Amino acid sequence: MAFILSTKENIVGVTVRGCLTGPDGAETPFDFVLQCERLSADAIERATGPQSLETAGQFFTRVTKGWLGVFDDMGQEKPFTADGLVKLFAIPNLARMAFHSYLHDVRAREKN
């Protein structure tokens, strides 16, 4: 299969999976997709290198263009907004989990 080096907007779907503990102590699984700009290897190095002062939440504020699978309390899909992204990443450790998922999903991998 040929490799197409696209000059169009380069977006990668980043799947974030985990669980949150509810008020009864039970874990509730979740998953959603962040639609993020696919940065170059150099740009990722600058964002993650020792000179970077950017937090994972700030990184996603810069590169996230949308999301899929994020719902409100009524079960309605929530439209993507910058404020919504900030609220999402106010959950402790979620931005770090998403960042690890981004680093996994943005890279090229061997085909099985």
Search result, residues across the range 58-87 that are loosely packed, with under 11 Cβ neighbours inside 10 Å, under 24 Å from residue 10 (Cβ atoms) and small (Gly, Ala, Ser) | 82
Please indicate, with yes or no, whether at least one residue in the range 66-73 is small (Gly, Ala, Ser) and part of a loop (DSSP other than H, G, I, E, B).
-> yes
Looking at the range 26-47, which of the residues that are in a helix (DSSP H, G or I) and without any contact (Cβ under 8 Å) to a residue 24 or more places away in the chain is nearest to residue 109 (Cα to Cα)?
-> 41
Quick one: residue 24 ticks every box in (1) farther than 30 Å from residue 112 by Cα; (2) modelled with pLDDT under 95 bar one, so which box is it?
-> (2)
Could you tell me whether the range 14-25 includes any residue that is part of a helix (DSSP H, G or I) and surrounded by 11 or more Cβ atoms within 10 Å (Cβ to Cβ)?
-> no
So which residues in the range 63-81 are among the charged types (D, E, K, R) and under 11 Å from the mean Cα position of the chain (by Cα), if there are any at all?
-> 65
Selection from the range 51-65 of residues that are outside any helix (DSSP H, G or I) and at pLDDT below 95 | 51, 52, 53, 54, 55
Counted residues in the range 63-100 being of a type outside the set (S, T, N, Q) and in contact (Cβ under 8 Å) with a residue 12 or more places away in the chain come to 21
Hits in the range 88-112 - residues which are exposed (fewer than 14 other Cβ atoms within 10 Å of the Cβ) and either in contact with a His (Cβ under 9 Å, 6 or more places away or on another chain) or in a helix (DSSP H, G or I) (or both) = 96, 100, 103, 104
Of the residues in the range 58-86, those that are farther than 27 Å from residue 46 by Cβ and basic (Lys, Arg) number 1
Taking the condition closer than 17 Å to residue 35 by Cβ and of a type in the set (Asp, Glu), does residue 72 pass?
-> no
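The values are calculated or read from the model by the stated rules, or taken from the named source; none is laboratory data. Note that the structure is predicted; figures quoted are calculated from it, not measured. Cβ atoms come from the backbone with ideal geometry, glycine included; neighbour counts cover every protein chain shown.
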